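The values are calculated or read from the model by the stated rules, or taken from the named source; none is laboratory data. Computed from a predicted model, the values in this text were never measured in an experiment. For neighbour counting, all protein chains shown are included, and Cβ atoms are generated from backbone atoms with ideal geometry for every residue, glycine included. We work out accessible area using only protein heavy atoms, side chains counted, and drop any ligands, DNA or RNA first. Shrake-Rupley method; radii C 1.70, N 1.55, O 1.52, S 1.80 Å.
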Amino acid sequence: MSELKNNNILGPASQFDIEGDIIQVERFGSGHINDTYRVKTNSKSYLFQRINNQIFADVAGLMENTKVVLDHLKKKLAHFGKEKVDKSTLTLIPTHEGKLYYQDENDGFWRMFILLEGTKSYDIVETQAQAYAGGKAFGEFQKQLSDLDPGKLIEILPNFHNIDFRMANLRKAIKDNAAGRVNEVQDILDYILKREERMRTILLMGNSGDLPLRITHNDTKFNNVLLDEHDRVQCVIDLDTVMPGYVAYDFGDAIRTIINSAAEDEPDTEKIRLNIPLFKAYTQGYMSEACDFLTEKETTSLLHGVFLLPFMQAVRFLTDYLNGDTYYKIHYSTHNLVRTKAQLKLVQEMERHQEELASILEESVHV
């Protein structure tokens, strides 16, 4: 439905240096964080977003991160020609005053990109070809940014993948016991605490200097990869969480979202199995690009990331459950507990298939 007459949207949209006159504004996409619209003029279409500054409090830092990354990617691709560059990266549209975002009178923060036409994305990976494409996309993304100084970016979400931070939050939730639920989850807490030290491996490797700090995406869901009409990778999108990190975090989160045969909140944990062929395809796609820059210890860290990310997500769900469900949206009273159990069952399945996963990773390095 067109929102052309909605001045709360049309007003901010008119502040940007776009081509032509606006003829249509409509909601676009399925994102849950920012409000996204398609702005169509008589010559071009644009992606227009109101940034959720409750989550991204430092909008100026967020947009500067985005510009630094996009400028670097465009320089990397410049030899392919402008048409290829514009299709393979997002393009920011500044305001008439040359700024990266517009702040309206209600403290709403807005930004605009050129809309990449003729592209598509998938919420769920269904084929090995798609998994390979996703791995290749994020491997190439990391490779293209591997020579960009991480110090040029701010940590837009501090401690986002810091397991010590997440465990400290869990311990506080246990101590406070705000919802009176601690006693009912003691067996789950025992399971988590027993594995805590193992899950600190990547953090310890980073702190000791064994892992270089890289620029990572930090939200490697498959629907953040745009494909062309032939399902070939065109562009990695949703750069809000791009910041300094370790490559294993990106790899582990991607695997967490594609390898599970069931939903993230599947109540019947017996349905949770590993889709090993998708793991293999993603890994091969990823290593086809990432092997060009990864160190040996970074490669070793990837398997640790595979275990860490579902474990850490379980810790976050359980923390929210103990706090009385104050962070994640829930649809029933035990929703966060169900999510917790589903993620931990995924960890258990990964433990059961650890040797097989390690073997696939090893083979992919030498392909």
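A few remarks follow.
- Subset tally (residues that are within 20 Å of the chain's Cα centre (by Cα) and more than 18 Å from Asp238 (Cα to Cα)) for the range 64-107: 0
- Selection count, the range 26-44, where residues are closer than 20 Å to Lys221 by Cα, open to solvent by 70 Å² or more (accessible area, probe 1.4 Å), in contact (Cβ under 8 Å) with a residue 24 or more places away in the chain and not hydrophobic (A, V, I, L, M, F, W, C): 1
- Among the residues of the range 125-159, those identified as over 19 Å from Tyr286 (Cα atoms), outside any loop (DSSP other than H, G, I, E, B) and open to solvent by less than 70 Å² (accessible area, probe 1.4 Å) are Pro150, Gly151.
- Here the strands (runs of 3 or more DSSP E) wholly within the range 169-236 that include at least 2 residues being closer than 16 Å to Ser301 by Cα are 214-216.
- Among the residues making up the range 92-106, those that are over 10 Å from Val59 (Cβ atoms) and open to solvent by 30 Å² or more (accessible area, probe 1.4 Å) are Leu92, Pro94, His96, Glu97, Gly98, Lys99, Tyr102, Glu105, Asn106.
- Residue within the range 233-251 that is over 22 Å from Leu153 (Cα atoms) and without any contact (Cβ under 8 Å) to a residue 60 or more places away in the chain present: no
- Qualifying residue in the range 45-63 (condition: in contact with a strand residue (DSSP E or B) (Cβ under 7 Å, 6 or more places away or on another chain), open to solvent by less than 50 Å² (accessible area, probe 1.4 Å), more than 27 Å from Glu155 (Cα to Cα) and in contact (Cβ under 8 Å) with a residue 60 or more places away in the chain): yes
- Filter pass, Thr300 being touching a residue at least 12 places away in the same chain (Cβ under 8 Å) and of a type in the set (S, T, N, Q): no
- Annotation for the range 216-232: at least one member residue is in contact with a strand residue (DSSP E or B) (Cβ under 9 Å, 6 or more places away or on another chain), within 18 Å of Leu308 (Cα to Cα) and not polar (S, T, N, Q).
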